[in-house]
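Q: Questions regarding the structure given below will be posed in turn.
The values are calculated or read from the model by the stated rules, or taken from the named source; none is laboratory data. Treat the numbers as computed from the prediction; the structure is a model and nothing was measured. Ideal geometry is used to build each Cβ from the backbone, glycine not excepted, and the neighbour counts take in all protein chains shown.
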Amino acid sequence: MTQALKGIRVLDFGRYIAGPFCGALLADMGAEVIRIEKVDGSEDRYLAPISEGGEGGAFMQLARNKRGLTLNPMKPEGREIVKKLVAKTDVVIANLPPDTLKTMGLDYESLKKVKPDIILTMISAFGTGGPYSNRVGFDGLGQAMSGAMYLSGTPEQPVKSYTPFIDFGTASLAAFGTMTALFERQKSGRGQIVEGSLFNTALTMMNGTAIEQDALKVNRVASLNRAQTTAPSDTFKTKNGWVLVQSVGGPLFERWARLMGEEHWITDPRMKDDLSRGEHGQIISDRMSIWCAERTSEEALAEMEEARLPAGPVLSPQQVLDDPHIKAKNLFQATDFPGLDKPAPLMRTPVELSKTPGEIRHRAPQLGEHTDAILMEIGYNASEIAELRAKRIV
């Protein structure tokens with residue numbers, strides 16, 4: 001199978017999600033990605049452990065297809081190893097504050113002296129150039145400081161999404177930027193800096209709301225799962241669970257009104273367009289709640305599918321694992337990992353290409369699994385590696 005990024009080498013100094021998932025996407029597409037961790041292992045390796053070795057499920061997902069190297073780049077010998085690796089590298093990924101990058105010799109000017117056409121993909125909480133540049137932060141800060149958290153939950157209780165979507169969104173945009181920079185380098189021969197930040201991603205996702213606020217000063221507040229600019233769009237309790245219904249546009253609303261037996265609402269001035277329906281969304285949700293409460297989730301979804309209304313069940317994690325669509329498309333790839341009783345269900349590359357698809361070729365590395373092999377590739381011999389290990393450089 002052809003791999004779109006075969007021949008591209010990436011050094012992944014990422015931590016947690018945003019940097020590592022950027023590297024994972026590039027690795028899925030064929031790049032050789034070397035994940036560089038602390039000598040005792042980076043923090044994200046051990047988050048929510050599920051294996052005998054202490055590795056967590058997120059690490060198994062985000063370090064797939066990568067080779068593993070332990071290294072302390074804060075020591076002189078470690079920085080020398082970094083230079084030798086960079087000399088044979090196309091992309092460096094680092095989701096670290098700018099000052100930390102400079103201390104480690106991973107800032108763009110330092111890298112460019114070693115490899116003039118290097119691409120540095122920087123990911124941080126707030127990006128460079130503003131008063132927050134050196135602040136550290138996680139996904140939740142992006143949600144909190146972009147308006148997303150304010151408009152989730154209720155006015156009395158803002159709610160952060162359990163899913164770190166800002167992290168994964170930032171990683172995806174960083175991978176997009178990195179591939180764009182690689183494409184440009186093919187034409188010009190020049191490297192460059194690719195910069196992503198959690199804050200930029202969060203503001204991008206909330207930009208439409210910010211534009212509306214600036215133009216109309218609507219001062220929206222949270223309304224749980226009920227949308228405010230269209231209806232019906234909410235979650236509803238059935239006899240045996242919950243379903244989510246989303247409707248946008250007149251034709252879908254007309255189908256819904258007929259299904260509810262409320263055809264007169266089609267010509268009701270309160271329901272004339274999406275915005276009007278959103279403003280009267282509580283009335284619509286109340287009617288839908290009565291309808292759903294009289295049915296099981298299966299019955300409600302079957303009737304809405306027949307009416308061609310967008311709706312789906314609210315699934316638990318176990319129900320996700322058992323979902324027939326996921327099984328039919330083989331979206332999870334069973335992947336072994338040392339210390340697991342059974343293979344882990346890794347989600348395949350989320351974007352599907354017809355000619356050069358991404359693929360999971362091998363599991364995440366154990367701590368330092370490829371350290372010796374990688375160091376030998378850049379000129380170190382066995383005794384030198386043993387000395388580096390004794391000094392805890394690797």
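Q: Looking at MET288 and the list (1) part of a helix (DSSP H, G or I); (2) over 18 Å from VAL314 (Cα atoms); (3) of a type outside the set (D, E, K, R), which single condition is not satisfied?
A: Unmet for MET288, out of (1) part of a helix (DSSP H, G or I); (2) over 18 Å from VAL314 (Cα atoms); (3) of a type outside the set (D, E, K, R): (2).
Q: Within the range 214-229, which residues are on the phi < 0 side of the Ramachandran plot and either among the small types (Gly, Ala, Ser) or touching a residue at least 12 places away in the same chain (Cβ under 8 Å) (or both)?
A: ALA215, ARG220, VAL221, ALA222, SER223, ASN225, ARG226, ALA227, GLN228, THR229
Q: Please give the strands (runs of 3 or more DSSP E) falling wholly within the range 302-371 in which 3 or more residues are under 21 Å from the mean Cα position of the chain (by Cα) and free of Cβ contacts under 8 Å to residues at least 60 places away in the same chain.
A: 332-335
Q: Return a yes/no flag: does the range 232-241 have any residue that is of a type in the set (Lys, Arg), exposed (fewer than 15 other Cβ atoms within 10 Å of the Cβ) and in a loop (DSSP other than H, G, I, E, B).
A: Within the range 232-241, the subset of a type in the set (Lys, Arg) is 237, 239.
This time we only want the ones that are exposed (fewer than 15 other Cβ atoms within 10 Å of the Cβ), so: 237, 239.
Subset that is in a loop (DSSP other than H, G, I, E, B): 239.
For the range 232-241, residues of a type in the set (Lys, Arg), exposed (fewer than 15 other Cβ atoms within 10 Å of the Cβ) and in a loop (DSSP other than H, G, I, E, B): present.
Q: Taking PHE183, is it out of contact with any strand residue (DSSP E or B) (no Cβ under 6 Å at 6 or more places or on another chain), buried (at least 18 other Cβ atoms within 10 Å of the Cβ) and not aliphatic (A, V, I, L, M)?
A: Against the criterion (out of contact with any strand residue (DSSP E or B) (no Cβ under 6 Å at 6 or more places or on another chain), buried (at least 18 other Cβ atoms within 10 Å of the Cβ) and not aliphatic (A, V, I, L, M)), PHE183 does not qualify.
Q: Moving on. Looking at the range 1-104, what strands (runs of 3 or more DSSP E) fall wholly within it and have at least 2 residues that are more than 18 Å from THR180 (Cα to Cα) and either in contact with a helix residue (DSSP H, G or I) (Cβ under 6 Å, 6 or more places away or on another chain) or without any contact (Cβ under 8 Å) to a residue 12 or more places away in the chain (or both)?
A: Correct list: 66-70.
Q: Right, ILE266: of a type in the set (A, V, I, L, M), more than 29 Å from the chain's Cα centre (by Cα) and either more than 30 Å from ALA94 (Cβ to Cβ) or in a helix (DSSP H, G or I) (or both) or not?
A: yes
Q: If you scan the range 249-278, which residues turn out to be closer than 26 Å to THR209 by Cα, in contact (Cβ under 8 Å) with a residue 12 or more places away in the chain and crowded, with 16+ Cβ neighbours inside 10 Å?
A: To start, the set of residues in the range 249-278 that are closer than 26 Å to THR209 by Cα comprises 249-253, 269-278.
When the remaining residues are screened for being in contact (Cβ under 8 Å) with a residue 12 or more places away in the chain, the result is 249-250, 252-253, 270-271, 273-275, 277-278.
Answer for the range 249-278, where residues must be closer than 26 Å to THR209 by Cα, in contact (Cβ under 8 Å) with a residue 12 or more places away in the chain and crowded, with 16+ Cβ neighbours inside 10 Å: LEU252, PHE253, MET271, ASP274, ARG277, GLY278.
Q: Something else now. Quick check, is ARG220 among the basic types (Lys, Arg) and over 28 Å from GLY127 (Cβ atoms)?
A: Answer is no for this residue.
Q: Ok, one more. Could you tell me which numbered condition ALA144 fails, if it satisfies all but one of (1) modelled with pLDDT of 95 or more; (2) within 20 Å of LEU11 (Cβ to Cβ); (3) of a type outside the set (Phe, Trp, Tyr)?
A: Exception for ALA144: condition (2).
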